Protein chains: 2
Amino acid sequence: MTESRYETLARTLRRQIDTQVWLPGDRLPSLRESCKQSGLSLMTVLQAYQLLESQGVIVARPQSGYYVAAGLQRPVRRQPDERLHAAEQVDVNDAIFDILKAGQDPSVVPLGSAFPDPTLFPQPRLARSLASAVRRMSPHSATANLPPGNEELRRSIARRYAQNGIEVAPDEIVITSGAMESLGLSLQAVTEPGDWVAIESPAFYGALQAIERRKLKAIAIPTDVRFGMDPDALEKALETYPVKACWLMSSFQNPLGCTMPPENKARLVDILQRHQVALIEDDVYSELYFGSERPVPLKASSYRSEILHCSSFSKCLAPGFRVGWVAAGKYVERIERLQLMSTLSASVPVQLALADFLQKGGQQGGYDTHLRRLRRVLEQRQMAMHHAIIKEFPAQVSVSQPQGGYFLWLDLGDNVDAARVYQRALAKGVSVAPGTMFSADERFRHCLRINTSFEWGPHTARAISVLAGLVAEEIQG
Amino acid sequence: MTESRYETLARTLRRQIDTQVWLPGDRLPSLRESCKQSGLSLMTVLQAYQLLESQGVIVARPQSGYYVAAGLQRPVRRQPDERLHAAEQVDVNDAIFDILKAGQDPSVVPLGSAFPDPTLFPQPRLARSLASAVRRMSPHSATANLPPGNEELRRSIARRYAQNGIEVAPDEIVITSGAMESLGLSLQAVTEPGDWVAIESPAFYGALQAIERRKLKAIAIPTDVRFGMDPDALEKALETYPVKACWLMSSFQNPLGCTMPPENKARLVDILQRHQVALIEDDVYSELYFGSERPVPLKASSYRSEILHCSSFSKCLAPGFRVGWVAAGKYVERIERLQLMSTLSASVPVQLALADFLQKGGQQGGYDTHLRRLRRVLEQRQMAMHHAIIKEFPAQVSVSQPQGGYFLWLDLGDNVDAARVYQRALAKGVSVAPGTMFSADERFRHCLRINTSFEWGPHTARAISVLAGLVAEEIQG
C-alpha cells in the first residue's frame, strides 16, 4: 500500500521537527501557506496536521494555528565525535577540534582554549562604534571596502606602526577576516605546493595545519622556551634545504610564550636576508606585554619588504569581529588578489566599526587605556596561576615565565603522557592543550599549554588542583 | 658626513606623510609623545619638527601642536597595474581584478561588475538589526558562534529551505564569510590536488580560479545559453575521466543566465548518482527569479547528501556583510574543520544581525517583501537594457533572455574580439566583462557579459550606445 499524500506531508513536517527546523513552541506554517508551498489541497494539508496532532507532535490553538508540542522530546543532536576519549593515542587534529568544542561547553574550565577570557573586552563601546558606523554606511561601502580594505582602518593601523617606530604605509596593509586568513594568504603568496618552510618547534597548530593543507614540507627548528627560534639551527636548515619561507612568532610565541632577544632577532633577519627567504611573522600577541616596553617585531628591520607581518584585533580588542591584517611588504598586491579569489573581502560593517573605535580611541586614549588595563589584568591572572602551579604541581614539573600573552607551558617530565592527562582532565571538567597539538611528531607529548586569561577564583583554583593531582598520579604510574 | 639624529627623525616623519600615514590637516604626535616614542631628547625632536616646518611640510599652531600642511601636494598613490590597457592580449586574471577596480571608480559605468546595484538593499533596516543584535551580544558570542555558526541564523535558513520543499536540517548548514568561501571549502572537502572536476563552459571565473589554486584538472562541459549544462556531455566526461566533483549553477547561471529545465536537472542528478560524483551547487542567484516560480535546485533531489549547496545574502539582501552558507550534506563536519583552519569563523556581529533581520522578516514579511520588490526592479531594468541592446547593437549580435538574475550574455559574432571592445569601452568610461574571463581558453572571445542591475537612465543609456558603437566599428574592422 503506498503512502497517501497527507501521510507524506505529515512525515516531511515530522522530520523538520525532528531535525529542529521547528522547535517546541514554534508556530508551523499556516494551512494556507502550507497549501501554497506544497501545491496540495486544503483538505490534504488539514489531514496531515490532524494526523500530527493526534500523534501529540503538534497542538492546535484556536484562532492562531498549529504549534510544535512543548513537551515533545527533543531528539538527540548530531553527536560530537567521542573517539578521542576512548582512544589511547591522541590524533592532533581531533584534539584541536575537541578542545575548541570544549571551550563552548560552559561546564568545562577551558584552560586548553586559545581564546582569551571574553569578558576582558570593551563590548559596550564596540557596540556603539558598530551602531554609529552602520548608521553612516553608504550603499557603496561594499565595493569601496574591497581589498585592500577600509582606508581609515588601514591608516589607523599604520599610525600605530609609526608610533612604534615601524615603517608601514597604509597602502602596504590588507585587511583580512582575522589573522588566520592573513597567515593562510601569506603562505600562499610566498610558496608553491612541495616547497620547504621553516617553522618553530613547538609551533602554533594553525601553522601545522596550513602547511599540511598547502602540501608543503616543514622543517621544525628548535625553539627555546625563553629565547624563541634558534638562529644557528635555522641557518643550518637554510644551508641544507631550499627553504622558501620561514613562519614564526617573535613575541609571546604560542605555545611557549617566549620572546626573541634583540640580538637573536638581528641575527635571524641577517640569516633570512642572506638566504633570501621570506618571513611570515605571526604577531597577534605583541600588544599583550607585561613590562613597560612593547617588544619590537622583525618587521621593524630593514628586511621589511620580505616580511609579511600578520596580526588582528581578536586577542586584544574585538574577539568575534574577525578582523585582522597583513602588512605584506612587496607581496601586497598578490595578497589582495588571493583574498579576492577566496573570501572576496572582510565583512564591511565590522571594518567600519573598528575604524570608528580606533579614531575615537586615538583622541580620547580609549584603545590605549583599554590595552593598559588588559595588560595589567592578564599579568595579575598569569602570576596567580603561575604561583598556584609552582605550589601544587609535583616538583619535577617545570613552568615557563612569559613576559606577555596568556599562555603557560608546562613540561611534566619525560615519564608523563600529557595526552592521558588531557583525557582524564576533560572527564573532570577541565580542558588543557596537550603538547602533541603543537608538533607533527610526539616530541612534546610530556608538555601542556595552559590559558591563564581567566579570573583567579574557585573554578580556576579547582581546575589547577585537579590537574596537579592528575599529574602526580601519572608520575606515580 | 652622517645624518644627525634630528634629520633622521625628520626624514622618518616626512616619509610617513608621503605614504599617507598622516594626511594634510592631521595633527602629528606631540613633542612629548614623539620623545617618548623615539627615545630622543625634547631638543632633538623640536629640531626635527622645526626642520619640517621650514620646509613647509608641517605648520605649528600655538597651544595646539604641529599639523601636516594643508596645501602639501599629495604624492601619487600606489598605481594600478596599467599593463592591461596597453596589452594586445587580455590576461584573464588581470582583467578580473581590473574590472573589480573599475567597479570602485565612480566615473566608470560598471556594466562589467559582478555586484548588483548597491542601492537596491534595505540598508536602514539592516543597520537597525545590526545595532539591535550587538546591544544584546553576550561576551561569549565569539566562541558560541564558531563553526557551524549562529544557530538562529542556521534555523532561519533551514526554514526557508523547508518552505521551498527542500529537506535541509539546521545541523547540515555551515555559515561562511560569503558564498566564495562556501565554494572554496566545498571544493577542498571533495577533492585532492590533481583530481578532475567537471565545470560549465563558460563558467563563473571564481570557479576557474579556485580550481587553479587547488591544482585540479578541469573538464569544461558545454553549457547552453538557455538550458545550462549538457547532461549528455557530462555523462561522456564522467565515462572518460575519473571525475571527483561537478561544480555548476543550476539557476540563472553566471555568466549565461541560463536555468536547467526540470528534466535536465533530473537527468543530471541521475548521472552524478550513477557515477558517485559529488556536486558543488553554486546557487547565489536563485532568489532573483522574475516569474512566479522559484527555480528548484538540484539539492532538492534524493541525492542531497552528496550535494554541497552554496549560497549567500550578498546578492539579495546584504552586500558587504560577507555572510553565506553551505548546506553540506554528509560533508558538514569536514567543512566545519576546514573553516576552523582557514578563517576560524564568520564575523559574529553580522551573523547576529542577519539572524535578527530574518526573524523579524518572518513575522512582518520584511525579507520576502524586500525580495518581491527587488525581483520586480531587476526584471524591469533587465527588460529596459535588453530592449536597448536589441535596438542599438548591430543585427549580428545575439543576446540572452534570462528569467532571473542580472546578467545578459552577448554573442558579438565570431569576427569581433570582445577583449578589444572591453579595452576601448573602459577608455570611454564603460566596463564590461569580456568572455575570456569565463573560460581557460579563448572559446568565448567574441562574447560579453553585461550587468543589468543599474537604473535605466542617461548614464546606462549612454553606456549601451557607446558599446553598440564600438561593436559596430569592430565588425566593420
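The values are calculated or read from the model by the stated rules, or taken from the named source; none is laboratory data. None of the values given here were measured: they were computed from a predicted structure. We place every Cβ from the backbone using ideal geometry, glycine too, and count neighbours over all the protein chains shown.
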Hits in the stretch A:398-418 (condition: surrounded by fewer than 22 Cβ atoms within 10 Å (Cβ to Cβ) and either closer than 27 Å to A:Asp94 by Cβ or hydrophobic (A, V, I, L, M, F, W, C) (or both)): A:Val399, A:Ser400, A:Asp411, A:Gly413, A:Asp414, A:Asn415, A:Asp417
Only one of A:Val416, A:Val421 is in contact with an Asp or Glu (Cβ under 7 Å, 6 or more places away or on another chain), more than 30 Å from A:Leu153 (Cα to Cα), in a helix (DSSP H, G or I) and not assigned by TED's automatic domain parsing to the domain that holds A:Glu293. Can you tell me which? A:Val421
Taking the stretch A:102-122 and keeping only residues that are at pLDDT below 90 and surrounded by 16 or more Cβ atoms within 10 Å (Cβ to Cβ), one is left with A:Ala102, A:Gly103
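Do we find that A:Phe407 is within 21 Å of the chain's Cα centre (by Cα) and either under 18 Å from A:Pro116 (Cα atoms) or of a type outside the set (Asp, Glu) (or both) in this structure? Explain how you work it out, then say what you get.
Numbers: within 21 Å of the chain's Cα centre (by Cα): yes; either under 18 Å from A:Pro116 (Cα atoms) or of a type outside the set (Asp, Glu) (or both): yes.
It is true that A:Phe407 is within 21 Å of the chain's Cα centre (by Cα) and either under 18 Å from A:Pro116 (Cα atoms) or of a type outside the set (Asp, Glu) (or both).
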Taking the options A:Leu352, A:Leu344, A:Leu340, name whichever one is more than 27 Å from B:Ser186 (Cβ to Cβ) and not basic (Lys, Arg). A:Leu352
Condition (residue is crowded, with 21+ Cβ neighbours inside 10 Å and within 30 Å of B:Ala468 (Cα to Cα)) applied to the stretch B:299-315: is it met by at least one residue? yes
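Any residue that is among the acidic types (Asp, Glu), more than 14 Å from chain B (Cβ to nearest Cβ) and crowded, with 17+ Cβ neighbours inside 10 Å - is there at least one of those in the stretch A:370-386? Walk me through how you get there before you give the answer.
Taking the stretch A:370-386 first, the residues among the acidic types (Asp, Glu) are A:379.
Going one step further and asking which of them are more than 14 Å from chain B (Cβ to nearest Cβ), we end up with A:379.
Checking the rest, the ones that are also crowded, with 17+ Cβ neighbours inside 10 Å come to A:379.
Yes, the conditions are met somewhere in the stretch A:370-386.
Table: residues versus (1) within 13 Å of chain B (Cβ to nearest Cβ); (2) at pLDDT 95 or above; (3) closer than 30 Å to B:Pro139 by Cβ.
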| position | (1), (2), (3) |
| --- | --- |
| A:Leu279 | no, yes, no |
| A:Asp282 | no, yes, yes |
| A:Ser302 | no, yes, no |
| A:His309 | no, yes, yes |
| A:Ile335 | yes, yes, no |
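Examine the stretch A:146-153 for a residue that is facing chain B (nearest Cβ under 7 Å), assigned to a helix (DSSP H, G or I) and surrounded by 23 or more Cβ atoms within 10 Å (Cβ to Cβ), and state whether such a residue exists.
Among the residues of the stretch A:146-153, not one is facing chain B (nearest Cβ under 7 Å), assigned to a helix (DSSP H, G or I) and surrounded by 23 or more Cβ atoms within 10 Å (Cβ to Cβ), which makes the answer no.
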Filtered residue count, the stretch B:1-25, keeping only those that are more than 9 Å from chain A (Cβ to nearest Cβ) and either out of contact with any Lys or Arg (no Cβ under 9 Å at 6 or more places or on another chain) or within 18 Å of B:Ala70 (Cα to Cα) (or both): 14
Candidates B:Ala353, B:Ala300, B:Ala327, filtered to the one that is among the small types (Gly, Ala, Ser) and closer than 24 Å to A:Pro319 by Cβ: B:Ala353
Filter result for A:Val134 (farther than 28 Å from A:Arg372 by Cβ, within 7 Å of chain B (Cβ to nearest Cβ) and touching a residue at least 12 places away in the same chain (Cβ under 8 Å)): yes
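Residues checked against (1) buried (at least 17 other Cβ atoms within 10 Å of the Cβ); (2) in contact with a Leu (Cβ under 6 Å, 6 or more places away or on another chain); (3) farther than 19 Å from A:Ser342 by Cα; (4) not assigned by TED's automatic domain parsing to the domain that holds B:Leu354:
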position	(1), (2), (3), (4)
B:Gly178	yes, yes, no, no
B:Gln188	yes, yes, no, no
B:Gly194	no, no, yes, no
B:Ser201	yes, no, yes, no
B:Ser286	yes, no, yes, no
Where in the stretch A:1-85 are there helices (runs of 4 or more DSSP H), lying fully within it, with 3 or more residues that are among the basic types (Lys, Arg), at pLDDT 90 or above and surrounded by 11 or more Cβ atoms within 10 Å (Cβ to Cβ)? A:5-18
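The rows are residues; the columns are (1) within 14 Å of another protein chain (Cβ to nearest Cβ); (2) in contact with a Phe, Trp or Tyr (Cβ under 7 Å, 6 or more places away or on another chain); (3) outside any strand (DSSP E or B).
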{"residue": "A:Ala189", "(1), (2), (3)": "yes, yes, yes"}
{"residue": "A:Glu192", "(1), (2), (3)": "yes, no, yes"}
{"residue": "A:Ile199", "(1), (2), (3)": "no, yes, no"}
{"residue": "A:Ala207", "(1), (2), (3)": "yes, yes, yes"}
{"residue": "A:Ala210", "(1), (2), (3)": "yes, no, yes"}
{"residue": "A:Ile221", "(1), (2), (3)": "no, no, no"}
{"residue": "A:Asp232", "(1), (2), (3)": "no, no, yes"}
Any residue at all in the stretch B:98-112 that is in contact (Cβ under 8 Å) with a residue 60 or more places away in the chain, within 8 Å of chain A (Cβ to nearest Cβ) and under 16 Å from the mean Cα position of the chain (by Cα)? yes
When the stretch B:447-477 is examined, which residues are found to be surrounded by fewer than 24 Cβ atoms within 10 Å (Cβ to Cβ), over 16 Å from B:Lys428 (Cα atoms) and either touching a Ser or Thr at 6+ places or on another chain (Cβ under 9 Å) or of a type in the set (Asp, Glu) (or both)? B:Phe454, B:Glu455
Search result, residues across the stretch A:220-275 that are surrounded by 19 or more Cβ atoms within 10 Å (Cβ to Cβ) and of a type in the set (Phe, Trp, Tyr): A:Trp247, A:Phe252
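Determine, yes or no, whether B:Val134 is surrounded by 14 or more Cβ atoms within 10 Å (Cβ to Cβ) and modelled with pLDDT under 90.
On the way: surrounded by 14 or more Cβ atoms within 10 Å (Cβ to Cβ): yes; modelled with pLDDT under 90: yes.
Spelling it out, B:Val134 is indeed surrounded by 14 or more Cβ atoms within 10 Å (Cβ to Cβ) and modelled with pLDDT under 90.
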With respect to the numbered conditions (1) acidic (Asp, Glu); (2) within 14 Å of chain A (Cβ to nearest Cβ); (3) surrounded by fewer than 21 Cβ atoms within 10 Å (Cβ to Cβ), which one is the sole condition not fulfilled by B:Glu392? (2)
Just the residues that are more than 10 Å from every other protein chain (Cβ to nearest Cβ) and not in a helix (DSSP H, G or I), please, taken from the stretch A:154-187. A:Ile166, A:Ile173, A:Val174, A:Ile175
Any idea which of (1) over 21 Å from the mean Cα position of the chain (by Cα); (2) touching a residue at least 24 places away in the same chain (Cβ under 8 Å) is the one A:Pro349 doesn't satisfy? (1)
Looking at B:Cys316, B:Cys258, can you tell me which residue is modelled with pLDDT of 95 or more, assigned by TED's automatic domain parsing to the domain that holds B:Phe227 and closer than 30 Å to B:Leu130 by Cβ? B:Cys316
Residue in the stretch A:314-322 that is hydrophobic (A, V, I, L, M, F, W, C), within 13 Å of chain B (Cβ to nearest Cβ), in contact with a Leu (Cβ under 6 Å, 6 or more places away or on another chain) and not in a loop (DSSP other than H, G, I, E, B) present: no
